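Nothing in this text is a laboratory measurement; each read-out follows from the coordinates by a stated rule. Remember, it's a predicted structure, so these values are computed and weren't measured experimentally. For neighbour counting, all protein chains shown are included, and Cβ atoms are generated from backbone atoms with ideal geometry for every residue, glycine included.
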């Protein structure tokens, strides 16, 4: 359950929140299970924050710092995450249907069991070292628009599809 003080602080606005984060870098914000649907949080510092099971549908988190944040089982349907820093974030079993991850940095992120669909945008997203095992709803076209490396772990069905696509090009 979210810390009430942290909820009150975030409701004061991004500038107040970011100043607080800068002044108290050792505090790990607890916004678990928070209802932040539709919130404009563009550019907010949520580094290492606990946002597990948070409701973030339709929220604007573009250019935000979510590095190392816990977003497990968070609901991120139609959330704007363009250019967001999600390095090493925990997005296990998160709902990312129609999320916009255009240019987001998901290097080393744990996306096991995450739910995507054909409208989830990955254009230019960094997926180096990301773990997408067990994720659902992804297509090879989406992954081809992202930046992957040898350490990127794709769902089994997608690895097979990508191998088939490679064979068809020969």
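Given Cα pairs under 8 Å that are at least 6 residues apart, what percent is the relative contact order of the chain?
Normalised by residue count, the contact order of the chain is 12 percent.
Using Rg and Dmax of the Cα atoms in Å as the read-out, say which of (1) 22.0, 91; (2) 15.5, 45; (3) 16.1, 59 was calculated from these coordinates.
Calculated Rg and Dmax of the Cα atoms in Å: the matching label is (3).
Roughly how tilted is helix 156-169, in degrees to the nearest 10 and between 0 and 90, from the longest Cα axis of the chain?
Tilt relative to the chain: about 50 degrees.
From the Cα gyration tensor of segment 9-51, with a ≥ b ≥ c the square roots of its eigenvalues, which class applies: rounded if a/c is under 1.5, or else prolate if a/b is larger than b/c, or else oblate?
In terms of gyration-tensor shape, oblate.
Ranked highest first by the average count of other Cβ atoms within 10 Å around their residues, in what order do 128-134, 141-147, 12-18 fall? Please list the in-between numbers first.
Working: 128-134: 19.9, 141-147: 16.4, 12-18: 13.7.
Top of the packing list down: 128-134, 141-147, 12-18.
Counting helices only, and only those DSSP H runs with n ≥ 4, report the 222 nm mean residue ellipticity of the chain as the sum of -39,500 (n - 2.57) divided by its residues, in deg cm²/dmol to the nearest 500.
Numbers: 4 runs with 37 residues, N = 170.
My calculation for the chain gives -6000 deg cm²/dmol from helical runs alone.
For segment 83-162, rounded, prolate or oblate, judged on the Cα gyration tensor with a ≥ b ≥ c (square roots of eigenvalues), a/c < 1.5 rounded, else prolate if a/b > b/c?
Rounded.
In which sequence would 136, 79, 148 go, from the one with the fewest C-beta neighbours within 10 Å to the one with the most? Kindly include the intermediate steps, with their values, before the conclusion.
Working: 136 13, 79 29, 148 19.
Starting with the residue having the fewest Cβ neighbours, the order is 136, 148, 79.
By how many degrees, 0 to 90 and rounded to 10, does the Cα axis of helix 14-23 deviate from the longest principal axis of the chain?
For 14-23 against the chain, the angle is about 80 degrees.
Using a ≥ b ≥ c from the Cα gyration tensor of segment 18-115 (square roots of the eigenvalues), is it rounded, prolate or oblate, where a/c under 1.5 gives rounded and otherwise the larger of a/b and b/c decides, a/b for prolate?
rounded
Quick check: the distance between the Cα centres of segment 145-160 and segment 36-82, to the nearest angstrom?
24
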